[in-house]
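Colleague: I am attaching a structure below and will ask some questions about it afterwards.
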Amino acid sequence: MSVEIRKAKSAGFCFGVKKAMDAVYEQIRTGGGKPIYTYGPLIHNDEVVRELKEKGVEVIHSQEELRQLKEGIVIIRSHGVSREIYDILTKNGITCVDATCPFVKRIHKIAEKESLAGRRVIIIGNEGHPEVEGIKGWCGTPAAVIENEAQAREFTCKTGEKLCIVSQTTFNYNKFKDLVEIFQKKGYDTVVVNTICSATEERQTEAREIAADVDVMIVIGGTHSSNTRKLYEICRSECENTHFIQTLDNLHLELPESVRRVGITAGASTPNNIIEEVQNYVRINF
Ligand code: F3S
């Protein structure tokens, strides 16, 4: 008897990533031969980045590298960047194509407005993640990044200091709620804005629901992709037999006879063809 496959409808490219991909392809078509760059790899997927390189799209890895650039088109990826990056582009006369996801743009606006109004911005997210670094760069006052309960408990601020809590768009919603609760118990004057994007919430909810219902769960996405890692955590807590793979090549699946249902989900930067390959592999082999 073959296994039943449950593939998440929300698996794969989200709307923000699709938008960024479209922006790059449009520049390849209409850029008129100008050099095209993305500030950081466009998405956390090595194959896609390689494919773009073949089409002449180079990756800029650092602010220093960006400062050296004197011509061309720079595409800002969906993660967004700090205000300083826009300033460098303007100063050097570089064409900027801004593919920042609107959900991230919204956080930049909140961070700017609330910090100007005197609130210290607390970002619930992962220190060092490009999206978090970008958000920090819109805060008029130094922001704090909190990613776990220990950090939330240890956090203290000056008497009378006001706070504004936002979240990295791909943060785990339940963890966000728990961390916010710790802050609220401290009794500070705090504004909380849940800025987890709906695509992430849907993807996580669906992944949790499927993982709880299957015998084996497969999560596909880049090892550097934070949203995929979070999906893995969620699925692993519901289904012990959860596999995290980047492409079909990493899947070394041996299914015992007792396995009836296999679930599949994928992070926001996983192209559809990879998801389909994995799905077909499971369908044909088990
Ligand atoms: Fe945007 Fe959400 Fe995707 S913030 S880039 S739609 S995961």
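Colleague: Do we find that D98 is within 16 Å of the ligand (Cβ to nearest atom), within 26 Å of A199 (Cβ to Cβ) and of a type in the set (D, E) in this structure?
Modeller: yes
Colleague: Residues of region 84-104 being under 18 Å from Q27 (Cβ atoms) and charged (D, E, K, R), which ones?
Modeller: D98 - this is the single residue of region 84-104 that is under 18 Å from Q27 (Cβ atoms) and charged (D, E, K, R).
Colleague: When the residues of region 1-20 are narrowed to those that are within 11 Å of the ligand (Cβ to nearest atom) and open to solvent by 20 Å² or more (accessible area, probe 1.4 Å), which ends up farthest from I218 (Cα to Cα)?
Modeller: K19
Colleague: Of the residues V132, V166, which single one is β-branched (V, I, T), within 16 Å of the ligand (Cβ to nearest atom) and part of a strand (DSSP E or B)?
Modeller: Criteria check complete, one pass: V166.
Colleague: Give the residues of region 114-129 that are more than 15 Å from the ligand (Cβ to nearest atom) and either touching a strand residue (DSSP E or B) at 6+ places or on another chain (Cβ under 8 Å) or part of a strand (DSSP E or B) (or both), sorted by residue number.
Modeller: If the condition is that a residue be more than 15 Å from the ligand (Cβ to nearest atom) and either touching a strand residue (DSSP E or B) at 6+ places or on another chain (Cβ under 8 Å) or part of a strand (DSSP E or B) (or both), then E114, S115, G118, R119, R120, V121, I122, E127 are the ones that fit.
Colleague: Using beta carbons and a limit of 6 Å, which pairs, at least six apart or on different chains, have the first residue in region 227-240 and outside the structural domain of F176 (by TED's automatic domain parsing) and the second one open to solvent by 60 Å² or more (accessible area, probe 1.4 Å) and more than 13 Å from the ligand (Cβ to nearest atom)?
Modeller: Here the result reads Y232/F244; I234/R208; E238/R208; E238/A212, each pair linking region 227-240 to a residue that is open to solvent by 60 Å² or more (accessible area, probe 1.4 Å) and more than 13 Å from the ligand (Cβ to nearest atom).
Colleague: Okay, moving on. Any idea which residue in region 223-239 is surrounded by the fewest Cβ atoms within 10 Å (Cβ to Cβ), counting only those that are outside any helix (DSSP H, G or I) and more than 11 Å from the chain's Cα centre (by Cα)?
Modeller: Filtering first and then ranking leaves T223.
Colleague: Across region 74-95, which residue is nearest to the chain's Cα centre (by Cα) among those that are open to solvent by less than 20 Å² (accessible area, probe 1.4 Å), within 16 Å of the ligand (Cβ to nearest atom) and at negative phi?
Modeller: So, considering only residues that are open to solvent by less than 20 Å² (accessible area, probe 1.4 Å), within 16 Å of the ligand (Cβ to nearest atom) and at negative phi, the one nearest to the chain's Cα centre (by Cα) is S78.
Colleague: Can you tell me how many residues in region 178-192 are charged (D, E, K, R) and either modelled with pLDDT under 95 or within 16 Å of the ligand (Cβ to nearest atom) (or both)?
Modeller: Qualifying residue count, region 178-192: 3.
Colleague: Then there is this: Filter region 173-214 down to the residues that are polar (S, T, N, Q), surrounded by fewer than 22 Cβ atoms within 10 Å (Cβ to Cβ) and part of a loop (DSSP other than H, G, I, E, B) and list them by number.
Modeller: First pass over region 173-214, keeping only residues polar (S, T, N, Q): 174, 184, 190, 194-195, 198, 200, 204-205.
This time we only want the ones that are surrounded by fewer than 22 Cβ atoms within 10 Å (Cβ to Cβ), so: 174, 184, 190, 194, 198, 205.
Residue satisfying the conditions is N194 alone.
Colleague: Which numbered condition trips up A143, out of (1) within 21 Å of D46 (Cα to Cα); (2) buried (at least 19 other Cβ atoms within 10 Å of the Cβ)?
Modeller: (1)
Colleague: Return yes or no: is I165 farther than 18 Å from G118 by Cα, touching a strand residue (DSSP E or B) at 6+ places or on another chain (Cβ under 7 Å) and open to solvent by less than 60 Å² (accessible area, probe 1.4 Å)?
Modeller: The answer is no for I165.
Colleague: Quick check, is A111 farther than 19 Å from G134 by Cβ, open to solvent by less than 60 Å² (accessible area, probe 1.4 Å) and either touching a His at 6+ places or on another chain (Cβ under 8 Å) or within 16 Å of the ligand (Cβ to nearest atom) (or both)?
Modeller: No: the conditions fail for A111.
For every residue, the table says whether it meets (1) in the same structural domain as N126 (by TED's automatic domain parsing); (2) more than 30 Å from D215 (Cα to Cα); (3) assigned to a helix (DSSP H, G or I); (4) modelled with pLDDT under 95.
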residue	(1), (2), (3), (4)
T38	no, yes, no, no
E47	no, no, yes, yes
R50	no, yes, yes, yes
E58	no, yes, no, no
K70	no, yes, no, yes
V74	no, yes, no, no
V81	no, yes, no, no
Y86	no, yes, yes, no
L89	no, yes, yes, no
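Colleague: Select, from K185, K109, K175, the only residue that is out of contact with any helix residue (DSSP H, G or I) (no Cβ under 8 Å at 6 or more places or on another chain) and within 17 Å of V81 (Cβ to Cβ). Let's see the steps before the verdict.
Modeller: Numbers: K185 fails: within 17 Å of V81 (Cβ to Cβ); K175 fails: within 17 Å of V81 (Cβ to Cβ).
Matching residue, one of K185, K109, K175: K109.
Colleague: A further question on this structure: Considering T200, T195, which residue is touching a Lys or Arg at 6+ places or on another chain (Cβ under 9 Å), within 13 Å of the ligand (Cβ to nearest atom) and within 13 Å of A8 (Cα to Cα)?
Modeller: T200
Colleague: Look through region 251-286, keep the residues that are of a type in the set (D, E) and modelled with pLDDT under 90, and return whichever of them is nearest to T200 (Cα to Cα).
Modeller: Residue satisfying both the conditions and the ranking: E254.
The values are calculated or read from the model by the stated rules, or taken from the named source; none is laboratory data. The structure presented is a predicted model; accordingly, all values stated were derived computationally and were not measured. As a convention, Cβ positions derive from the backbone with ideal geometry for all residues, glycine included, and neighbour counts pool all protein chains shown. What goes into the accessible areas is simple: the full protein's heavy atoms, side chains included, and nothing from ligands, DNA or RNA. Shrake-Rupley method; radii C 1.70, N 1.55, O 1.52, S 1.80 Å.
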